[in-house]
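Undergrad: Sharing a structure with you now.
No lab work stands behind these numbers, since they all come straight from the coordinates. Quick caveat: nothing in here was measured; it's all calculated off a predicted structure. A quick note on method: Cβ atoms are made from the backbone with ideal geometry, for glycine too, and the neighbour counts reach across all protein chains shown.
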Amino acid sequence: MPRATGATILHADLDAFYASVEQLLDPTLLGKPIAVGGGAGGSGNGSGNGGVVLAASYEAKAFGVRSGMPGWRARSLCPSLTFVGGHFREYQRLGDAVMDVFGQFTPEVERVSIDEAFLDVAGSVHLFGEPAHIAAELRRRVRDELGLPLSVGVATTKHLAKVASQVAKPDGIVVVAPGTEREFLAPLPVGLLWGVGRKTQERLAASGVHTVGELAATSPAVLQSLLGEAVGEKLGALAVNDDPRHIETDRHARSVGAQSALGQRAATDDVLRTTLGFLADRVATRLRAAGQAGRTVTVRVRFPGMRAVTRSSTSPDPVASTLTLTDVAFDLARAAFVDNPAEREVTLLAISVSNLVDHDAHQLALDLDAEEQHADATSVNRVALDHAVDAARSRFGRASLGYATTVLRAEGGVPDEFRELAERGDPRSPD
DNA sequence: TCTGGGGTCCTAGGACCC
DNA sequence: TCTGGGGTCCTAGGACCC
């Protein structure tokens with residue numbers, strides 16, 4: 001494979017992003033161990049009782065506090081820990097602003113998450129100088145203009161740049177010069193490699209492999225028998241820095257999902273239907289806003305004790321209707337309990353829609369009209385209802401109306417008030 | 001007094017097709 | 001006549017990432 005030379009790939013990663021934003025919004029939190037809390041059961045800004053740590057400041061990390069950790073455990077590790085609720089709108093706004101800064105140096109930006117991105121600056125050096133200089137400029141501008149600490153890794157490939165940015169943290173920069181990759185990687189723990197989590201680390205450690213250097217010295221055949229074909233092959237390549245460097249500027253999602261932790265609840269039809277209706281609403285609304293629909297619906301059910309199962313179904317007809325998605329999800333969830341008769345309680349429900357196709361509601365309605373001589377009245381009504389709800393929410397706000405439980409239960413069709421909305425609403429609404 | 005919410009990718013078995 | 005080889009799709013579970 002032909003490969004550009006030179007360390008022109010940057011991985012830019014905001015440090016402890018959520019926590020840094022909180023310290024920016026409230027400077028009295030600067031220098032203190034803080035945790036951004038996630039509430040259990042959907043309250044969204046819990047203070048740690050029952051919730052988990054979404055992000056920890058470096059001061060909190062020094063005590064061993066990590067994201068994903070239950071709040072009570074974080075507090076026991078760090079009694080002086082301050083829990084703050086998340087300002088999620090601010091995270092999105094500031095994350096976007098950081099990406100805008102990146103975009104001023106190159107159009108070759110691949111955003112990986114809210115707070116990190118890969119950049120290829122090969123075409124920018126004649127304007128802005130060497131990659132290492134660009135990296136320093138990124139850090140300076142994000143700090144000066146947005147008040148946030150940023151770490152940057154510079155290398156010949158994406159993966160290596162990412163490792164370098166991890167090594168650079170907090171608030172640093174690491175450049176891996178071409179030709180020095182292997183000596184840079186060799187002493188690092190394998191856990192720094194992307195894709196090596198707890199399980200893989202344990203498996204490797206059991207074979208005496210702790211560092212990337214030791215990994216590189218392990219034969220591909222051994223790695224593959226240890227970790228499976230794909231992971232083994234990937235890690236073997238990584239350890240010797242044989243890795244892609246292509247930047248994907250327009251990544252599109254392959255699935256859309258939502259989930260809700262419920263504490264511990266009796267798994268009654270009522271609980272399942274109400275929760276799945278809420279989740280289906282969120283997922284289907286996002287699908288329609290993106291002009292997409294999905295052929296595969298997956299439901300995840302978690303039982304007490306963290307054991308979870310999934311059930312999925314694939315249909316030739318893509319779904320984007322809230323009520324159809326609710327129905328499919330409900331049947332799948334029930335199937336999960338039928339297959340696990342000993343389980344009577346549920347702690348989490350999730351819906352994910354995949355196998356996505358471009359397919360807006362208007363198109364779906366036309367298809368129904370064209371393809372079905374006596375079009376299924378329920379389907380048409382559901383499309384109309386979704387349209388009405390989407391339109392009303394865009395005017396009056398998301399909380400203005402929803403799919404009430406009574407609607408979910410109304411098997412005969414759509415309540416009058418929604419029909420009226422549909423008739424007078426969006427001119428594209430089907431009739 | 002034990003676990004959020006959003007995703008991606010891989011594996012393995014089975015069905016089905018040529 | 002009793003079982004080759006390759007490919008695709010679907011389902012369920014699992015590891016991993018931020």
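Undergrad: Out of the DSSP beta bridges found with both residues in the stretch A:1-175, what percent are antiparallel (nearest 5)?
TA: Details: 20 of 27 bridges.
Beta bridges within the stretch A:1-175, antiparallel portion: roughly 75 percent.
Undergrad: Turning to a different aspect of this structure: Find the all-direction average of the projected area of the Cα convex hull for chain A, expressing the result in square nanometres with one decimal place. Don't skip to the end; give the middle numbers.
TA: On the way: hull surface 101.5 nm².
Over every viewing direction, the Cα hull of chain A projects on average to 25.4 nm².
Undergrad: Still on this structure, I have one more. Looking at the stretch A:207-296, which GluC sites (Glu not before Pro) are in a loop (DSSP not H, G, I, E or B) and have at most 14 other Cβ atoms within 10 Å?
TA: Working: sites: A:E214, A:E229, A:E233, A:E248; in loops: A:E248.
Taking the stretch A:207-296 and a limit of 14 other Cβ atoms within 10 Å, the loop GluC sites (Glu not before Pro) found are A:E248.
Undergrad: Net charge around A:Q23, counting only other residues with Cβ within less than 15 Å of its Cβ (Lys, Arg = +1; Asp, Glu = -1)?
TA: On the way: positive: A:K32, A:K61, A:R143; negative: A:D15, A:E22, A:D26, A:E59, A:E90, A:D115, A:D171.
Residues near A:Q23 contribute -4 overall.
Undergrad: Would you give the gap between the C-alpha center of the stretch A:141-198 and the C-alpha center of the stretch A:254-325, rounded to a whole Å?
TA: 37
Undergrad: Using DSSP, restrict attention to beta bridges with both residues in chain A and report what percent are antiparallel, rounded to the nearest 5. Don't jump to the answer; show the numbers that get you there.
TA: Values: 48 of 55 bridges.
Antiparallel: roughly 85 percent of the beta bridges in chain A.
Undergrad: Relative to the longest principal axis of the C-alpha atoms of chain A, give the angle of the C-alpha long axis of helix A:361-371, reported between 0 and 90° and rounded to the nearest 10°.
TA: 50
Undergrad: Net charge around A:V84, counting only other residues with Cβ within less than 11 Å of its Cβ (Lys, Arg = +1; Asp, Glu = -1)? All intermediate terms of the calculation are to be shown ahead of the outcome.
TA: On the way: positive: A:K32; negative: A:E22, A:D26.
That sum, taken over residues with Cβ under 11 Å, equals -1.
Undergrad: How far, in degrees from 0 to 90, does helix A:158-168 lean away from the longest principal axis of the Cα atoms of chain A, to the nearest 10?
TA: 70
Undergrad: Compute the angle between helix A:131-141 and the longest alpha-carbon principal axis of chain A, please, reported from 0 to 90 degrees and rounded to the nearest 10.
TA: Helix A:131-141 sits at roughly 60 degrees to that axis.
Undergrad: What are the trypsin sites (Lys or Arg not before Pro) within the stretch A:263-332 that DSSP puts in a loop, where the Cβ has at most 13 other Cβ atoms within 10 Å? Please list the in-between numbers first.
TA: Values: sites: A:R265, A:R273, A:R282, A:R286, A:R288, A:R295, A:R300, A:R302, A:R307, A:R311; in loops: A:R307.
Answer in residue order: A:R307.
Undergrad: Under 8 Å for C-alpha pairs, at least 6 residues apart: give me the relative contact order for chain A, rounded to a whole percent. Before the final figure, lay out each step's value.
TA: Values: 777 pairs, mean separation 51.6, N = 431.
Taking the mean separation of contacting Cα pairs over the length of chain A, I get 12 percent.
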